[in-house]
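Here's the structure, in structure tokens; my notes come after.
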Amino acid sequence: MKKYEDDIRNTLSHAKTCHEAWWLLIGEHPKRKQIKFVYNKYLNFFDTLRPALYCTFAMKLSSLFSTIAKDITLDKLPGIKKYPEFNNLWDRGRRLYQYRSKVIAHRDKATTSRNFAKETGFTYNDLKNILDDSCSLFDSFAKDNKISGVYDFSCEKDLLELISDLFQYKNCLTTHSTGL
């Protein structure tokens, strides 16, 4: 039974953690002032980290919706297609996979002449919903099959502590440029 489950659980957990860290850097947060200050102070680092987190999130999550026979995908889980939410999630995930293929993984000449991101119609909330729905589907599958679901850990506390430490250490210095 454990042919693909561990890999899919790890992939979803990794995607979830990358999304959480990426969103902490760009999204609304009660500590937004500190986040912006530290981001701008260490602009080169965070301007590299932010897109890397987003790309990793998109690559990991979209990999679960490939139609290549040898790939480890959600549809390879035995009985997963019987879940009522599967078909809708699979359709949205396939659109995400196409976005990932054209915008992130396999850039080509058409990338510069077409706006594939706009063509998908995705918003940040749509991407988060695909992640949440994928985790929820896997967790339902895991419960029904008496295996562990998606790992429930977070990087937010550690990342906020790092930002707080850097903020306290550098808050008396002026920033040299702005990125947020």
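I want to make sure I understand the PRE zone here: with the label point 7 angstrom from the Cα of Lys146 toward its beta carbon, which residues in the stretch 63-91 have backbone N atoms less than 11 Å away? No residue passes the distance filter. Relative to the longest principal axis of the Cα atoms of the chain, the long axis of helix 5-26 lies at roughly 30 degrees.
Compared with the dominant Cα axis of the chain, that is its longest principal axis, helix 43-63 is turned about 10°.
Compute the angle between helix 86-99 and the longest alpha-carbon principal axis of the chain, please, reported from 0 to 90 degrees and rounded to the nearest 10. Roughly 50 degrees, rounded to the nearest 10. Estimated from the Cβ-Cβ distance and a Förster radius of 41 angstrom, the FRET efficiency linking Arg94 and His29 is about 0.85. My understanding is that a pair violates if its Cα-Cα distance is over 31 Å; which of Lys81/Lys102; Lys82/Lys128; Lys81/Lys128; Lys41/Lys102; Lys16/Lys143; Lys31/Lys146 do that in this structure? In this structure, Lys41/Lys102; Lys31/Lys146 lie more than 31 Å apart at Cα.
Using the per-residue mean of other Cβ atoms lying within 10 Å as a proxy for protection, in what order, highest first, do the peptides 37-50, 136-149 fall?
Numbers: 37-50: 16.9, 136-149: 15.3.
In decreasing order of mean packing, 37-50, 136-149 become 37-50, 136-149.
Does a label point 7 Å from the Cα of Leu162, set along Cα-to-beta-carbon, have any residues of the stretch 42-57 with amide nitrogen under 14 Å, and which are they? Output list for this probe position: 42-54.
The numbers here are math on the coordinates, done by the rules we state, and not lab data. These numbers come from a predicted model, not from an experiment. Note that we place each Cβ from the backbone using ideal geometry, even for glycine, and neighbour counts take in every protein chain shown.
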